[in-house]
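Chemist: The structure follows.
The numbers here are math on the coordinates, done by the rules we state, and not lab data. The structure displayed is predicted, hence computed values, not measured ones. Neighbour counts run over all protein chains shown; Cβ positions are idealised from the backbone, glycine included.
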Ligand code: KG4
Ligand code: ZN
């Protein structure tokens, strides 16, 4: 056991860290200079966000805790591929969550529901391409995942061996990127002889709703609006999902990113469009609100309408264009969600994913919730975009119910949903 721990710790001490001096320097600056990375960071990393919520729990070392009545044994072990003498679920379980499905390398550490560390590193290398280049994304994950994990442990004030469960996204996403996080997480679990659990990225987003302590009552609807997905899902009970509708073409965030590119705004476009839209005049340009059948979504027509508008109006007013695009994009989400609420008659609605950080969208959904007399759950702003904390929380919830995953869980790009 001691040897395996040493191996795991050596994973975090590989020469890799010293090979990236600018990253090393920036990681230090994150800790010391108002938590802001230095400008001109490494090519691999765009920005690092980190949060640490103070715990009310004791700071004492967590390993070697004596067995006590708070600990309860799980059901018989499943075929995990790891040899466990026993799997213990304890109060104060520490979960490491790893998320690398796209261009964010994210490491989160939670103790039960308390966030001990949340590190998200976004890659700048894709900016010049206006979208994510899969091969570049995977290579950059490899560069930063170890130093970021080390930093997360430092922030959480724990040792690697204090981790009770390792949770990682297995899909959907870019396979090369997923493989980096997944293999890293499995290696840590094997070397520490701790359980591993693979998590669906969308389920991670759904659990981001609970990071502020909310406990939505079942059944409820969740609208997932991100760069890769636009889906409306009925959560019937814990771990029981029914997809009511999804995009037939582009995802909502993808449309924001493409319209940003068309109008000369940087990637990822969502936050830039939101800012620029605040200066725009609503109603100056009429873009269509998409209306596909049932509870589905579609953004390619709206995107094409913007494309033709900017081509035909070389002196277009950018704030007006993006404000009216944003308005149609959000109205589309509202219309579909309202219909779905009426049909399912549920009393709760959650909005998750990167686009749910948009303030205009949040206002629209607050009004809808008031009108429909339902309870609205909005993910805290810091957990809307991809992060490791949500993967950690979904992992710990799943583990408590089903035990660990098999180590043969593979990365999956798409072709399946919740
Ligand atoms: O959930 P996420 O981090 O990654 C995926 O799972 O895809 O979402 C990223 C997406 C990007 O398309 C980005 O442009 C969009 O979320 N986004 C926003 C905002 N912040 C991020 N879109 C609109 N308004 C925002 N404030
Ligand atoms: Zn996501």
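Chemist: To make sure I understand, if each residue's beta carbon is the centre and we count other beta carbons within 10 Å, what order do 222, 322, 346 fall in, fewest to most? Please report the intermediate quantities before stating the final value.
Modeler: On the way: 222 26, 322 29, 346 20.
Ranking 222, 322, 346 by Cβ neighbours within 10 Å, fewest first, gives 346, 222, 322.
Chemist: For the residue pair residue 408 and residue 380, what label-to-label distance in nm results when each label sits 7 Å from Cα along the Cα-to-beta-carbon direction?
Modeler: Between residue 408 and residue 380, the label points sit 3.9 nm apart.
Chemist: Which FRET efficiency value, to the nearest 0.05, is calculated for residue 347 and residue 275 with the Förster distance at 35 angstrom and r the Cβ-Cβ distance? Don't skip to the end; give the middle numbers.
Modeler: Numbers: r = 34 Å, r/R0 = 0.98.
Calculated transfer efficiency: 0.55.
Chemist: Determine, for 95, 344, 127, the number of other Cβ atoms within 10 Å of each Cβ, and report the residues in order from fewest to most. Mind showing how you got there, number by number?
Modeler: Numbers: 95 27, 344 18, 127 13.
Starting with the residue having the fewest Cβ neighbours, the order is 127, 344, 95.
Chemist: What shape does the range 220-346 take by its C-alpha gyration tensor, where a ≥ b ≥ c are the square roots of the eigenvalues and a/c under 1.5 counts as rounded, a/b above b/c as prolate, and the rest as oblate?
Modeler: Numbers: a/c = 2.41, a/b = 2.10, b/c = 1.15.
Prolate.
Chemist: Further question: What whole-number distance in Å separates the alpha-carbon centres of the range 172-190 and the range 216-266?
Modeler: Measuring centre to centre over Cα atoms gives 23 Å.
Chemist: For residue 371 and residue 127, what is the calculated FRET efficiency with R₀ set at 45 Å and r taken between the beta-carbons, to the nearest 0.05? The partial results should precede the final answer.
Modeler: Working: r = 39 Å, r/R0 = 0.87.
About 0.70, to the nearest 0.05.
Chemist: Below 8 Å, C-alpha to C-alpha, sequence gap of six or more: please give me the relative contact order for the range 220-346 in percent. Display every interim value, and only then the final one.
Modeler: Numbers: 223 pairs, mean separation 32.5, N = 127.
The normalised contact order for the range 220-346 reaches 26 percent.
Chemist: Now, a different point. Between residue 289 and residue 135, what's the calculated FRET efficiency when r is the beta-carbon distance and R0 is 35 Å? Round to 0.05.
Modeler: Details: r = 37 Å, r/R0 = 1.05.
It comes to 0.40.
Chemist: Can you give the extra length, in nm with one decimal, that the chain gains between residue 316 and residue 300 once fully stretched, where that is 0.36 nm per residue apart less the Cα-Cα distance?
Modeler: Roughly 3.7 nm would be gained on extension.
Chemist: Next question, about the same structure. Just rank 207, 364, fewest to most, by other beta-carbon atoms within 10 angstrom.
Modeler: Working: 207 25, 364 18.
Exposure proxy ranking, most exposed first: 364, 207.
Chemist: Using the alpha-carbon centroid of each, what span in Å lies between the range 316-377 and the range 110-148?
Modeler: With the range 316-377 and the range 110-148 each reduced to a Cα centre, they are spaced 28 Å.
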